[in-house]
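A.B. asks: Sending over a structure as structure tokens; questions will come in a sec.
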Amino acid sequence: MKMKSRKSAFTLIELIAVLVIMAIIALIVTPLVMNIIRKARVSADKRSIDAYGRSIELAIAGYLLDTGKFPTDVSELTIEYSGNEVVCSTTQLNSDSSVYLTGCTVAGRTVDYAYGSDKTPPAPTYTAYTVGNQVTYNNVNYYVIENSDTTQATVKLLKAEPLSAQEISDYKPSDAKTYSSNGYTGMQYHSSSNSYEGSYIKTAVDAWKAAKAPAATEVRLITIDELRNGLGYQVQQECTESCYQVGLKTDDTPSWVYNSNYWYWTSSPYSDSSSYVWDVVGSVGLVGISVSSNRGAVRPVIVLSKSEL
């Protein structure tokens, strides 16, 4: 007679023990798996930022080829990039055509990562200019009147020719008088207070800036100090009030500064007459003849960002 075998089964205690062990394993493994997933996502987000940065650098190269100048802002670039949306709070375009990105999000996720050299943007460098360099901005020719090195972002320029007859007509106040001599059109000074601030000349210069030099941070007349500091004029008599002569051209005065065909307006830096308007007299090369002449042509000085040139 055969005996019937009994099938063994897990007891309740054994089942509970298995569940406890599985729960412990899950508690240990889940953070590890989630951390792996998180690291993979962060790594993918960093690659997205890298790809976006390289796309900007390619766009810079294309912009340089098309325009011959360096872009001043990322908004000027056409960036060809496909992938998760990358938005960065800081996007610095460097003079070596590289880019520095920081404060970025990828598809809305904040990423603690910076794209660029050692996560530090290099100091920008600019073109160096020396006195006498001729440059063109907005189809107008200028001469550099002050040396600048590669750390300076702006350059100081003197308009090559006085305002043209058409510009005088366009920009002068309706009641201002003008003259024409030797092919150049000049402009009456006129100010009830004898100051440049209230003169017809300043009104015309301000209007000319808005039309022809809108990006300039400064526009005005050249000063006597600028004429004598490296531009060839020599002071003959220091003035504290109005005087006959405060400067005289020398053999070193460049032809683009002194032109015997026309007079042009300048301003005095001397105490009581700091706001006066004076003449650079073409016939003899003197500076500071009078403030009442209506024969002076207008040659504005502008301060311009080098990125505009």
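The values are calculated or read from the model by the stated rules, or taken from the named source; none is laboratory data. Every value quoted in this text rests on a predicted model; they were computed, and no experiment measured them. Don't worry about glycine lacking a Cβ; one is built from the backbone with ideal geometry, like all the others, and counts go over all protein chains shown.
A.B. asks: Arg54: at pLDDT below 80, of a type in the set (Lys, Arg) and in a helix (DSSP H, G or I), yes or no? Explain how you work it out, then say what you get.
C.D. replies: Working: at pLDDT below 80: no; of a type in the set (Lys, Arg): yes; in a helix (DSSP H, G or I): yes.
Spelling it out, it is not the case that Arg54 is at pLDDT below 80, of a type in the set (Lys, Arg) and in a helix (DSSP H, G or I).
A.B. asks: Within segment 172-227, count every residue that is closer than 20 Å to Leu157 by Cα, touching a Lys or Arg at 6+ places or on another chain (Cβ under 7 Å) and assigned to a strand (DSSP E or B).
C.D. replies: 1
A.B. asks: Against the definition (modelled with pLDDT of 80 or more, surrounded by fewer than 11 Cβ atoms within 10 Å (Cβ to Cβ) and over 30 Å from Val87 (Cβ atoms)), how does Leu19 come out, yes or no? If you could, list the steps in order and put the result at the bottom.
C.D. replies: Working: modelled with pLDDT of 80 or more: yes; surrounded by fewer than 11 Cβ atoms within 10 Å (Cβ to Cβ): yes; over 30 Å from Val87 (Cβ atoms): yes.
Here the answer is yes, as Leu19 does meet what is asked.
A.B. asks: Scan segment 157-181 and report the pairs whose first residue is farther than 11 Å from Ala207 by Cβ and in contact (Cβ under 8 Å) with a residue 12 or more places away in the chain and whose second residue is aromatic (Phe, Trp, Tyr) and in a loop (DSSP other than H, G, I, E, B), with Cβ atoms within less than 7 Å and a gap of 6+ or a chain change.
C.D. replies: Cβ pairs passing all conditions: Ala160/Trp256; Pro162/Tyr262.
A.B. asks: Thr78 fails exactly one of the following numbered conditions: (1) assigned to a loop (DSSP other than H, G, I, E, B); (2) modelled with pLDDT under 80. What is the number of that condition?
C.D. replies: Looking at each condition in turn, Thr78 falls short on (2).
A.B. asks: Does Leu27 qualify as being assigned to a helix (DSSP H, G or I), surrounded by fewer than 10 Cβ atoms within 10 Å (Cβ to Cβ), at pLDDT below 75 and not β-branched (Val, Ile, Thr)?
C.D. replies: On the way: assigned to a helix (DSSP H, G or I): yes; surrounded by fewer than 10 Cβ atoms within 10 Å (Cβ to Cβ): yes; at pLDDT below 75: no; not β-branched (Val, Ile, Thr): yes.
It is false that Leu27 is assigned to a helix (DSSP H, G or I), surrounded by fewer than 10 Cβ atoms within 10 Å (Cβ to Cβ), at pLDDT below 75 and not β-branched (Val, Ile, Thr).
A.B. asks: From the set of residues in segment 108-119 that are small (Gly, Ala, Ser) and surrounded by 12 or more Cβ atoms within 10 Å (Cβ to Cβ), which is modelled with the lowest pLDDT? Lay out the reasoning, then the answer.
C.D. replies: Initial filter on segment 108-119 (small (Gly, Ala, Ser)): 108, 114, 116-117.
If we keep only those that are surrounded by 12 or more Cβ atoms within 10 Å (Cβ to Cβ) too, we end up with 114, 116-117.
Values: Ala114: 88, Gly116: 84, Ser117: 64.
Selected residue: Ser117.
A.B. asks: Please state which one of Asp206, Asp170 is under 30 Å from the mean Cα position of the chain (by Cα), farther than 21 Å from Val303 by Cα, modelled with pLDDT of 85 or more and among the acidic types (Asp, Glu). Before the answer, list the steps.
C.D. replies: Details: Asp206 fails: farther than 21 Å from Val303 by Cα.
Testing whether each residue is under 30 Å from the mean Cα position of the chain (by Cα), farther than 21 Å from Val303 by Cα, modelled with pLDDT of 85 or more and among the acidic types (Asp, Glu) leaves just Asp170.
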